[in-house]
Each structure stands twice: as C-alpha cells, then as structure tokens.
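The values are calculated or read from the model by the stated rules, or taken from the named source; none is laboratory data. Keep in mind that this is a model prediction, so the values were computed, not measured. In this analysis, Cβ positions are derived from the backbone assuming ideal geometry, glycine residues included, and neighbour counts consider all displayed protein chains.
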C-alpha cells in the first residue's frame, strides 16, 4: 500500500478490503435477505432478528436498539477497542500494510516507559503466581483459598498469586527477583516502597494478590487481601502512570464477554465476593477497586451492559453505597437496580450457603435504584414536614445529575408524588441552592442534547431534499448555492446539512456511508440509517447517474421556487412596513419588485 497521508485515507483503504459481512459473521450468525444479511443483535437480547448488515455500503444497523456503524465501530463496540486498535486488527487480518505514524522523541520515550511498567507488572504477577504454587499444601494462602472454595481453574483465570510474609521471605522478596532497572520501575508502579533509611521494601506482604487488568488485558496494578493478622485487610496498588483506580474495574477484562452477552452486569464491593460469584456460576460480575463506585467506572461498564444491578450488603454501609451511586447512574443514562442481601450475609457467604438459584432469585427481585432511593429516604426521615425538607435536601445531587430537563422534571414529579408535595415547590426547593458551577454544567451540555426534544420532524419536501443530499453528496455544492440550509432550518435536516458541508469541504468524494459513520448517536444517525437501508444498490453505481441528474434539476428548480416564495413573503412584510411609515418612495420600489417576483413565480407553478 502506498504512502497514505490522512486518517480518512487509511480508513477508506482498509474498509475497501475488509468485508464487513465476513467480520461481523464471526460474531453473529447471519442469513442473507436480498442484498442484506440479518441476525440477532449482539448488543442487546432479542429472539427475532433485527440486526442488519449491508455489504455494498459497508455498515450495520439494529432496528431494535438502534446501534449502528461501520466495521470499525462494530469492533470498537464489541471488543471495546479504540480506533487505532480496530484499524490495526483489520489491517493484520487482511494483510494490509499501514503507514507508520511519526512520533516525537518525547512520545517514543513515554511509550517505552509505559511498556516497561507493563512488563514489570506482568513479571511480578508471574512471580506471585509461582509463589502461590510453590507454597506447601498446608500453607496459609493455599488453605485460605481452599476454605473460600476457590478452585484452581478460577485462580488461574484471575491469575491469583501470593506475596509471602516478611518472616518467610524477608522485606524485599520481590526486589531480589528483579533487575536493578526493573526494581526502579517496580517502585514507580507501587510494588516496592522506600524506607526511611532509603532502602526498598515490598509493599505487599502476606497477601493473596489479585492482578488488576485494563481493557487490553495488561496488568496495571494489584489488589491484596491479608492472610494472617494485620491491617488494612485489603490493599490496592497506589495510582501510577498505568493505574487509575477510579477508571478500572476488577474482573471486567475476564468477564466482559459474559456481560456483553447478557447485557447485564452485577456489581459487588469485594474481591472475594466477585471471585466467589464467578466460581458458583454468576459470571457477569465486576467490582470497584477499593473505593466507592465512580462515574468513570459506570461509563466504562456501560460499553458492555445495558443494565446494572448493585448487589450490596444489607447493612447501613451497603445502603449508603447504593445511595451514593444513584446520581452517577442517572448522569450516565444507565438503568440500575439494587439487590440488598439478608442481614449477616455478603455475596460470598450468601452464594456459598444458599446457592446460585437463591442468588438469581434475589437478583431477579432487585428494585429500581430510584425507587430504592425514595423508599430509603422516606424510611430514614419520615414524612413529617421536617422529614420532607431533609429529603428535598438529599435529592439535590440526584436532580443535578439528570441528563436533560425532561429527566429532571420526571424525577421532580416522581418525588413530589411520593412526598405529597407540589412539584413546583419541590423544584424551587431543590434549585434554590444549586451553585453556579452546576448551572454552568447544564449550560455547557452539548447543544444537540439540550435541543433534541425540540427538533421538528422533516416535512415531505424536506425529507426528499435531505435524502437526496445524503445519498448524492457530490451535488451538495449546487444544493447549497440554492439556499438549501434555509429550507432545512430547525430540524435534523439542518444538522445533516452542516455535517455534509464540513465533510465535503475536506473531501469532495465523500460517500453516504461515510456520512453515516461520522454522525454521533441521535435522530440524524437513525434517519440516515433508514435512508441507506431503503436505498437500492443501484443508487451507488453508475447506472443511476442519469436518474440522479434528472432529480437534481427537479430539486434545484423547486428550491428556486422556494427562494422566490420566501422573497415574496419578505417583500410583503416590507411593503406593510412602508405603508405604516408612509414611505411612498420605498413603497413604489417594493411593489415593482413584488410584481416581478410574482411573474417569475408563475414559472414555478405558482
């Protein structure tokens, strides 16, 4: 492949050679239906196929969940790849040579430094894993895992290891197994720490260790559970250039396919809770990394799951954890439910004593998170005047997290109904103390998101113009010169106009499927998907060229007429104004212009 200058060129070249039907067919059972292929959507549960793959235009669309895109977006969605990873995967699969990106010396040094960190954490994981295997059968760590009923295959899946106690291996067990350069890096990622006298010592001692993986399967840190006596009971790696505890989840790398398949994720709080549930057959489960659940973790998990269930202890701490998480789920537009365990149980003890069927029954009965929050606050504060005031105060974070004015109104109305108060008064109470930063956050939301519910549907004429514009972007300039934007103003048609204007300015050869791929999620993307599905294959090949030219001339004439009608209406308003102001000179000129326009309009059927 020759030298390629732009990302668009690279994308187009790979897409030409990567068969989307073949790629998606590796994950979805597809059956031919005309020029399309149909199957059950891999992104949501369904029994009747609504997932369609269109080979000629190289895109897919699900009419059930509205997930859609090209071969790149499919791989990015399915495997949680970023774009460069998806591009490289396809290039390798189809033996396509990619140009090497020029990197600065600083960038290269940074990449090499990060890779050395990944290498050291991988090596440490192997050392700790081997140490667990080398321990005697009656060793403390092996006995502990046996008591927790964690079999060897699960230990292997999660690469569970053991950092020995200082009494058995000294203070620097890990450092003695690393080179001096590796020890330096191990300190940078928190596996080793500095003592007061300057020497290094092991951060993890006498702990069963759970390697923490990122989305690409690289070990970025460790979580350790003490085996003998000591505090803290659980300890995680400190944050480092490769590890951010608020943006990763324990178990997601191992369980992502199960979560994707079921479109549902169970969230527990502890490492052994997660391991125990997986051991007993509940495999779509993850856990945060020693902290409260964060918005970034929910956003990460939402790439794989449509619904999340918080499986927390039924004590005060578990309830508080669920309450704290509620605003994050709302802000990320994720449907969440809550299942609280009976007193005295955590997920580990419950599944071991009661079994998987009892656990599944508990999960099936999980209540909606918003409903849970309402009931919790009522139970905590009561429905006295003072209690209602406290509830109004506590729901402020929930209302602030609403992702649209409509959702905010729904939340307010729901709480007002349960509390028996006037919705407007509750709205005033909740809004009165919102700070300026929160209001600025609302103002800064994407314009499309804030205005989406106010977009007007396309009229029949606008729909025809928009469809022609999308399917024939090579004629965009002619349409633009006829004031097309004004005709499409105020709806999704105008957004499509602006998108195509931007793309054709950069590439006059832009194709319809490229327009589709460039659009964000929303009504415009769905409309373009429908256009592409309804189009016949001939719309994209030379045999349709004459027909397109004829339709273009027809539309240009219609736009000419529309422009004349708009001008006529404008002149009418100016004439009325001139009459009010007794400006007879201007009135005479305007009347003459009006007569000329009316004669021309008769040529357009008016």
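Listed values, structure above:
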| read-out | value |
| --- | --- |
| Helices (runs of 4 or more DSSP H) contained entirely in the stretch 306-388, each with at least 3 residues that are over 25 Å from residue 412 (Cα atoms) | 316-331, 347-354, 356-364 |
| Extreme residue, farthest from the chain's Cα centre (by Cα), among residues of the stretch 215-239 that are assigned to a loop (DSSP other than H, G, I, E, B) and under 14 Å from residue 125 (Cα atoms) | 237 |
| From the options 62, 40, residue that is crowded, with 17+ Cβ neighbours inside 10 Å and within 18 Å of the chain's Cα centre (by Cα) | 62 |
| Count of the stretch 130-158 residues which are crowded, with 16+ Cβ neighbours inside 10 Å and in a loop (DSSP other than H, G, I, E, B) | 4 |
| Flag for residue 441 being modelled with pLDDT under 65 and either surrounded by fewer than 18 Cβ atoms within 10 Å (Cβ to Cβ) or under 16 Å from residue 374 (Cβ atoms) (or both) | yes |
| Residue in the stretch 361-372 that is in contact (Cβ under 8 Å) with a residue 60 or more places away in the chain and either under 24 Å from residue 232 (Cα atoms) or touching a helix residue (DSSP H, G or I) at 6+ places or on another chain (Cβ under 6 Å) (or both) present | no |
| All strands (runs of 3 or more DSSP E) inside the stretch 32-114 with 2 or more residues being in contact with a helix residue (DSSP H, G or I) (Cβ under 6 Å, 6 or more places away or on another chain) | 59-62 |
| Tally of residues being assigned to a helix (DSSP H, G or I) and touching a residue at least 60 places away in the same chain (Cβ under 8 Å) across the stretch 485-507 | 3 |
| Within the stretch 159-185, considering residues that are closer than 20 Å to residue 137 by Cα and not in a helix (DSSP H, G or I), the one modelled with the lowest pLDDT | 165 |
| Single residue of 533, 540 found to be at pLDDT below 85, touching a strand residue (DSSP E or B) at 6+ places or on another chain (Cβ under 8 Å) and within 25 Å of residue 35 (Cα to Cα) | 533 |
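To keep it simple, each residue is scored yes or no on (1) in contact with a strand residue (DSSP E or B) (Cβ under 8 Å, 6 or more places away or on another chain); (2) crowded, with 19+ Cβ neighbours inside 10 Å; (3) farther than 19 Å from residue 160 by Cα.
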residue: 174; (1), (2), (3): yes, yes, no
residue: 188; (1), (2), (3): yes, no, yes
residue: 191; (1), (2), (3): yes, yes, no
residue: 194; (1), (2), (3): yes, no, yes
residue: 201; (1), (2), (3): yes, no, yes
residue: 205; (1), (2), (3): yes, yes, no
residue: 212; (1), (2), (3): yes, yes, no
residue: 217; (1), (2), (3): no, no, no
